1. Apply 1/(1 + (r/R0)^6) to the Cβ-Cβ distance of B:Glu77 and A:Ser45, taking R0 = 51 Å, and write down the FRET efficiency to the nearest 0.05.
2. Please report, for B:Ser219, the nm distances (one decimal) from its label point, 7 Å out from Cα along the beta-carbon direction, to the equivalent points in the remaining copies, shortest first.
3. Under 8 Å for C-alpha pairs, at least 6 residues apart: give me the relative contact order for region A:127-275, rounded to a whole percent.
4. Of the DSSP beta bridges with both residues in the protein assembly as shown, give the percent that are antiparallel, rounding to the nearest 5.
5. As a footprinting exposure proxy, order B:Tyr58, B:Tyr101 by other Cβ within 10 Å, with the fewest listed first.
6. With θ set to phi - 60° and the Karplus curve 6.51 cos²θ - 1.76 cosθ + 1.60, what are the ³J(HN,Hα) couplings of region A:5-14 in order, to the nearest whole Hz, using x for Gly and Pro?
7. For A:Lys84, go through the lysines and keep the ones whose alpha-carbon is under 27 Å away, minus same-chain ones fewer than eight residues off.
8. In sequence order, what are the phi-derived ³J(HN,Hα) couplings for region B:57-68 according to the Karplus relation 6.51 cos²θ - 1.76 cosθ + 1.60 with θ = phi - 60°, rounded to whole Hz, with x for glycine and proline?
2 protein chains.
Amino acid sequence: MSRIISIGIVGYGNLGRGVEAAIRQNSDLRLEAIFTRRNPGSIESGTPMVSISDIEQYKGKIDVMILCGGSAKDLPEQGPSLAKHFHTVDSFDTHALIPEYYDKVNDAAVSNGNVSVISTGWDPGLFSLNRLLAEAVLPDGKEYTFWGKGVSQGHSDAIRRVEGVSNGIQYTIPREEAVERVRSGSNPVLTTREKHLRECFVVLKDGANPEAVANEIKSMPNYFADYETVVHFVAEATLQAEHAKMPHGGNVIRSGQTGQGNGNTQLIEFGLKLDSNPEFTASVLVAYARAAYRMAQAGQTGAKTVFDVPYGLLSPKSPEQLRKELL
Amino acid sequence: MSRIISIGIVGYGNLGRGVEAAIRQNSDLRLEAIFTRRNPGSIESGTPMVSISDIEQYKGKIDVMILCGGSAKDLPEQGPSLAKHFHTVDSFDTHALIPEYYDKVNDAAVSNGNVSVISTGWDPGLFSLNRLLAEAVLPDGKEYTFWGKGVSQGHSDAIRRVEGVSNGIQYTIPREEAVERVRSGSNPVLTTREKHLRECFVVLKDGANPEAVANEIKSMPNYFADYETVVHFVAEATLQAEHAKMPHGGNVIRSGQTGQGNGNTQLIEFGLKLDSNPEFTASVLVAYARAAYRMAQAGQTGAKTVFDVPYGLLSPKSPEQLRKELL
């Protein structure tokens, strides 16, 4: 019915590769080109690879750019600068800096008549939507977010900076007892230590002292000191063989009271169990790219978050079809 | 910041009473009046009770009418007729008739510059949203909806029509084995009998034959014949004491593949565990009443479904606050 939407990918790491695969699952989208800071000739891909310095030549040829760079260094620069030339979608996930990022991208998008969906993915993203929904429906209640089982890049990086460590990975694991207490509707007060535990798989450098390394990890402030932390020492080959995937997930749970003091407890839960965190985030970005294009077609401009996008715009189906098949 | 939104309730059964209680939990909403077909003087309530025949006198005094009648007889008439005079929200839930109902309400609402959010609640409603989201994010996958444990009014009514039965109630129960198979990501093919079982609590009339009653229930086409059905006989006092609540809930689960044939399975699950089905549905209606008012303020008109309403409009918080606190 509607025409094919042409997509560009900016940045070709795990997330960019996930977006490339996700676009193949959607027949109303077509991947035009991938933009990279590396030498385009050096990268294997079935998609045209283009130097990011040539990106403005694609103005008018690409409907939506999906920004797959990191939140620390890439997006703060690329988000506002690309919103001047294209509709964009990104997964900016530094929660504390979202308001500032929103303002910058919004200024660029509004001035140039573009739509930019920022901070989508699953947290921020689908988890945020469920926090909002559950709070709006059950105002007299309490919300809990659990993350995991999943790899935390920040904590894995912290392990690898420890003296004597050659490689390592960290899993954040929600404590099943805590999840069950929340599901019971009792609205427990839970400490950091009660909600999650941290499991580390560490490869030592030759001659390193395992006990000293384990102690340094477990006592690291901000990262591990407030948690129960388990440290396993493994060989590099084991790490590569058994810990190469990037699983993640978690649950947003809210329970609340309704009625007039009759003790009725209501529980809303949203959960994800992901074999691949970057591939799932990529799939969410792709659905929001479709929505960004449609919002632009409807005359909207500016930065948008998941809170501003009706679900109907995420699906390739028409409103009539959605009411008939999915409502 | 924004002014108080004035609400009317049409119909004062379980759902209407739930809406009355839910409005008290939201300080930006005020309940103006409850409209009833009964004699208003005969009903106990802290809210002004008004005959439904006087409802048009409230034009301009009430921002949004929440329609709490039934889908079989009340809403097909009240939905289109009240959409001429007010912004409305309803929980029309006869899935097969939604497209026709949408068209009628839409005509009335558009012609009179009103907004009508139809078919909200949890199914149709929050479950529909999650079916859409999961399908849009994981197009290469399979979706399962489980209902219960909860009371089915239709099946309870069917039991009560059986010869020899004086009262009864039916619970729909998802089969845990089936739910777990779906959660494993194996996308099983499940028969009706494998997904849910039906449990009945039946009060017999004096002299009725329990075996004959149980057989008639279990072999009833459409309602029970395709399921494993358990029938318990209880005294009326037990039914009143132990089965007076209206619990319900269920799960929408989709698992799908991402990536390029690397076997990565992703699972999205949304679940509800409700002590009171009508009170929860009421809480959802109230959040969508806020959204209906805001869509109208923004100049929109016509019938809307949950697919057309951005989550941000459901919350009393401002967009800035939502981005800061919940994203």
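Each value in this text was obtained by applying a stated rule to the coordinates, not by laboratory testing. Just so it is clear, the structure is predicted and the values come from calculations on it, not from any experiment. Here the Cβ positions follow ideal geometry from the backbone for every residue, glycine too, while neighbour counts run over all protein chains shown.
1. The formula returns an efficiency of 0.30 here.
2. Here the equivalent label points are 7.7 nm apart from this one.
3. This gives 31 percent for region A:127-275.
4. In the protein assembly as shown, DSSP labels about 55 percent of beta bridges as antiparallel.
5. B:Tyr58, B:Tyr101
6. 9, 9, 10, x, 10, 10, x, 10, x, 4
7. By straight Cα distance, A:Lys84 reaches A:Lys59, A:Lys61, A:Lys73, A:Lys104, A:Lys304, B:Lys324.
8. Coupling constants for region B:57-68: 5, 8, 4, x, 9, 10, 6, 9, 9, 9, 8, 10 Hz.
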